[in-house]
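Colleague: Here it is, the structure, as structure tokens.
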């Protein structure tokens, strides 16, 4: 097949066709794979980060790259409502990154590991001819049959996120376009460099027993919500004016002529949780969540503005 024509998700579907999933397990298509165990469910996820694609060594400190490498994987565990147990790191390093850079990378990785008490138990190291390549695997656990998935959205449920959208995308724009480093811009860059996985929030949401579907916001809700809709066989309407955004994003976008709503809908790498649930869930949580739309019959994603459906073709990040 030609991946350039099929795209990332066409390639993923092609891979799925070649492998059978054991009975009781969940394979490709969710934030984590699930394997049943005697004490519940084992959940596992892995992500690869490549220099020049996911990070720039010239723009980010080694500590921040180490932090983010782990954070994006812990976010997958959060998306299932799970508890992380251990991580595994494989890294390829060019010669110039095999000294102080590597030491500082591990320092950033270890800082977040300690914060969530998740040990690094293994992996692999090798040299690279040019760029840094990082692959992290994370193992977690959840109660048997209780892991949140993408396939449980039902009509009438509301759509929520756990925090602001678009800040990471704003920070990336600031880096790429060389915007003046003001306190507002620094805040956006920090959101991009050091995301915080919503592990406690994911566990609390799972404990309510009300979650329909859930995943983390890695590629932008314009992409990620479509995954939920496809897995659930349902449609949705999203109110663009309800997307939570930081004041810093609004002010910086106004200054530089950027569309804050588009960044919030399609920017990605916020690593907030995107989930569906009945509205009663709002009364059961001790942290804020933001209602951005509703699950509706059909199979379309409808963008709303001021009560009116908009003819918009908003898409999130695609890896191919």
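Colleague: Are there strands (runs of 3 or more DSSP E) fully within the stretch 258-320 with at least 1 residues that are surrounded by fewer than 18 Cβ atoms within 10 Å (Cβ to Cβ) and at pLDDT 95 or above? List them.
Modeller: Numbers: elements: 273-277, 290-296, 301-305, 308-310.
Of the strands (runs of 3 or more DSSP E) lying wholly inside the stretch 258-320, those with at least 1 residues that are surrounded by fewer than 18 Cβ atoms within 10 Å (Cβ to Cβ) and at pLDDT 95 or above span 290-296.
Colleague: Continuing with this model, one more query. For the stretch 155-173, give me each residue that is out of contact with any strand residue (DSSP E or B) (no Cβ under 6 Å at 6 or more places or on another chain) and either modelled with pLDDT under 95 or surrounded by fewer than 24 Cβ atoms within 10 Å (Cβ to Cβ) (or both).
Modeller: Keep residues of the stretch 155-173 that are out of contact with any strand residue (DSSP E or B) (no Cβ under 6 Å at 6 or more places or on another chain), which gives 156, 163-173.
Of everything in the stretch 155-173, those that are out of contact with any strand residue (DSSP E or B) (no Cβ under 6 Å at 6 or more places or on another chain) and either modelled with pLDDT under 95 or surrounded by fewer than 24 Cβ atoms within 10 Å (Cβ to Cβ) (or both) turn out to be 156, 163, 164, 172, 173.
Colleague: Name every residue in the stretch 134-148 that is assigned to a loop (DSSP other than H, G, I, E, B) and surrounded by fewer than 24 Cβ atoms within 10 Å (Cβ to Cβ), in order of residue number.
Modeller: Step one: filter the stretch 134-148 for residues assigned to a loop (DSSP other than H, G, I, E, B), giving 143-148.
Those that are assigned to a loop (DSSP other than H, G, I, E, B) and surrounded by fewer than 24 Cβ atoms within 10 Å (Cβ to Cβ): 143, 144, 145, 146.
Colleague: Which of the residues that make up the stretch 208-227 are over 13 Å from the mean Cα position of the chain (by Cα) and in contact (Cβ under 8 Å) with a residue 40 or more places away in the chain? Show your work before the answer.
Modeller: Here is the first cut: in the stretch 208-227, the residues over 13 Å from the mean Cα position of the chain (by Cα) are 208-213, 226.
Selection gives 208, 210, 211, 212, 213, 226.
Colleague: If you go through the stretch 185-194 one residue at a time, do you hit one that is more than 19 Å from residue 292 (Cα to Cα), within 14 Å of the chain's Cα centre (by Cα) and part of a loop (DSSP other than H, G, I, E, B)? I'd like the intermediate steps shown before the answer.
Modeller: From the stretch 185-194, those more than 19 Å from residue 292 (Cα to Cα) are 185-194; that's our starting set.
The next check asks that each one be within 14 Å of the chain's Cα centre (by Cα); those that pass are 191-194.
If we keep only those that are part of a loop (DSSP other than H, G, I, E, B) as well, we get 194.
Within the stretch 185-194, one or more residues are more than 19 Å from residue 292 (Cα to Cα), within 14 Å of the chain's Cα centre (by Cα) and part of a loop (DSSP other than H, G, I, E, B).
Colleague: Separate question: Quick one: would you say residue 124 is free of Cβ contacts under 8 Å to residues at least 60 places away in the same chain and in contact with a strand residue (DSSP E or B) (Cβ under 9 Å, 6 or more places away or on another chain)?
Modeller: Yes: the conditions hold for residue 124.
Colleague: For the stretch 202-219: of the residues being in a helix (DSSP H, G or I) and out of contact with any helix residue (DSSP H, G or I) (no Cβ under 7 Å at 6 or more places or on another chain), which is surrounded by the most Cβ atoms within 10 Å (Cβ to Cβ)?
Modeller: Start the filter on the stretch 202-219 by keeping residues that are in a helix (DSSP H, G or I), which leaves 202-208.
From the residues that got through so far, the ones that are out of contact with any helix residue (DSSP H, G or I) (no Cβ under 7 Å at 6 or more places or on another chain) too are 203-207.
Values: 203: 17, 204: 16, 205: 27, 206: 21, 207: 14.
Here the answer is 205.
Colleague: Would you check if residue 81 is touching a helix residue (DSSP H, G or I) at 6+ places or on another chain (Cβ under 7 Å), part of a loop (DSSP other than H, G, I, E, B) and buried (at least 24 other Cβ atoms within 10 Å of the Cβ)?
Modeller: On the way: touching a helix residue (DSSP H, G or I) at 6+ places or on another chain (Cβ under 7 Å): yes; part of a loop (DSSP other than H, G, I, E, B): yes; buried (at least 24 other Cβ atoms within 10 Å of the Cβ): yes.
For residue 81, the condition - touching a helix residue (DSSP H, G or I) at 6+ places or on another chain (Cβ under 7 Å), part of a loop (DSSP other than H, G, I, E, B) and buried (at least 24 other Cβ atoms within 10 Å of the Cβ) - is met.
Colleague: Exactly one condition in (1) outside any helix (DSSP H, G or I); (2) at pLDDT below 95; (3) out of contact with any strand residue (DSSP E or B) (no Cβ under 7 Å at 6 or more places or on another chain) is not met by residue 176; state its number.
Modeller: Status for residue 176: all satisfied but (1).
Colleague: Let me ask another. Have a look at 89, 70 and point out the one that is assigned to a helix (DSSP H, G or I) and either closer than 23 Å to residue 243 by Cα or within 19 Å of the chain's Cα centre (by Cα) (or both). Steps first, please.
Modeller: Details: 89 fails: assigned to a helix (DSSP H, G or I).
Every option except 70 fails the conditions.
The values are calculated or read from the model by the stated rules, or taken from the named source; none is laboratory data. Source: prediction; values computed, not measured. Methodologically, a virtual Cβ is constructed for each residue, glycine included, from the backbone with ideal geometry; neighbour enumeration extends over all protein chains shown.
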